[in-house]
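What follows draws every value from the coordinates through simple rules; no lab data is involved. These numbers come from a predicted model, not from an experiment. Glycine gets a Cβ as well: all are built from the backbone with ideal geometry, and neighbour counts include every protein chain shown.
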Amino acid sequence: MARERAVLVGAGGISNAWFGPLANEKVDVVGVVDIRKENAQAKIEQWKLTCLPTTDLKATLKATRPDFVVDCTIPEAHCEVTCTALKAGCHVIGEKPMASSMGEARKMVKTAEACRKMYMVSQSRRWEGKHDLVKRMVTGRKLGELTTANCDFYIGAHFGGFRDEMPSPLILDMAIHHFDLARFMTGKDPVAVYAKEFNPKGSWYKGDVAASAIFEMTDGVIFTYRGSWCAEGLHTSWNGDWRFIGDKGTLVYDHDQTPKGQIVVNKEGFFRQIKDMEMPAERVKFGGMHGALREMLAFLRKGTKPQSECHDNIKSLAMVFAVIESSRKGKRIPIVW
Ligand SMILES: NC(=O)c1ccc[n+]([C@@H]2O[C@H](COP(=O)([O-])OP(=O)(O)OC[C@H]3O[C@@H](n4cnc5c(N)ncnc54)[C@H](O)[C@@H]3O)[C@@H](O)[C@H]2O)c1
């Protein structure tokens, strides 16, 4: 079988997480494009590629005719880059977040439909053994009927740079991971949210870097998110610390440790008798971007729909913008996409 051909756009920090898996899967990287040619050149040298660096995406796609494009540009450029690639007849796998507004995201979905091309977003944290394990336990009804999901994320992160200046650094740049994980792990979609963003005293950020949000999810599940990037001491995991409650028991996943669960075994007494749940083995073989890439390759080879294709992923993005709107307006916001 002929090797798949790809063009990578946006040769910045995160592109390093893509060149390895592309090589591993024997994808032919036929172009590296960046508005700063020196960035593309540096990656070509670092990863010992044979293609030339370019700054013109349209011309590069015309000349190289790749099967798909990997969009690793900044969020503000995703819409333009992805739509250009789709219109040139390429499928696209793009970095999160899908876009920097819901308007742009809807335009991207419509363009994928009109061009009859696949556009999927890489939400890298979906391809992680423990996350898959939580998903199997929760959606496999091991806790009975799910009622509640909580996620806490508390890290004191001193980035410097653009995040210190953004209006909603936590929600826009980080919480998209947690919101997408909430959908992934529960199998539920967002319905509405009431949220408050704030900037704690002593914060080294200009914008609101902390938030509390109560989401109504499908089937009556309540997902509560509390987070801050301005919280010194006793950090949670970057994946967040999670609790899931069903009508038969509870599962906790924190500090990236193997999840623990307890379920009720009889229906008597003030405290019911409980037992520890058995956890099956992890089974994700290809993590992070590699897992996402393999879903694009499975689509190209067998037509299998990737789990984070754009019609699905836009729901996670809608949670982000609904939190910001709810906080600004001080009211419950229905979540639409
Ligand atoms: N999955 C993850 O865990 C994860 C982690 C970090 C970053 N990301 C995402 O990856 C994306 C890139 O982040 P980064 O940290 O690599 O940023 P970066 O600033 O290091 O790199 C972005 C690159 O894109 C280039 N670029 C910008 N606009 C362009 C355009 N219109 N056409 C071509 N090139 C363009 C820039 O010159 C730069 O080289 C963001 O969407 C970010 O949220 C994801």
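Here are the numbers for the structure shown:
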quantity	calculated
Amide hydrogen neighbours beyond the local backbone of Y154, cut-off 5 Å, H modeled	S228, T236
Where trypsin sites (Lys or Arg not before Pro) fall in DSSP loop in the range 103-171, at most 15 other Cβ within 10 Å	R116, R141
Loop trypsin sites (Lys or Arg not before Pro), the range 235-325 (other Cβ atoms within 10 Å of the site Cβ: 10 or fewer; DSSP)	K267, R283, K285
Spin-label pair H235/E282, simplified geometry with 7 Å Cα→Cβ offset, distance in nm	1.9 nm
Low-density loop cleavage sites - trypsin sites (Lys or Arg not before Pro) in the range 1-92, where at most 14 other Cβ are within 10 Å (DSSP)	R3, K26, R36, K48
Gap separating the Cα centres of the range 249-291 and the range 21-45, nearest whole Å	41 Å
Computed E for D254/K315 - FRET, C-beta separation, R0 22 angstrom, nearest 0.05	0.30
Among M120, L49, A23 - extreme Cα towards positive end, dipole of the range 5-122, charges at beta-carbon	M120
FRET E, pair V191, R301, Förster distance 35 Å, beta-carbon r, rounded to 0.05	0.45
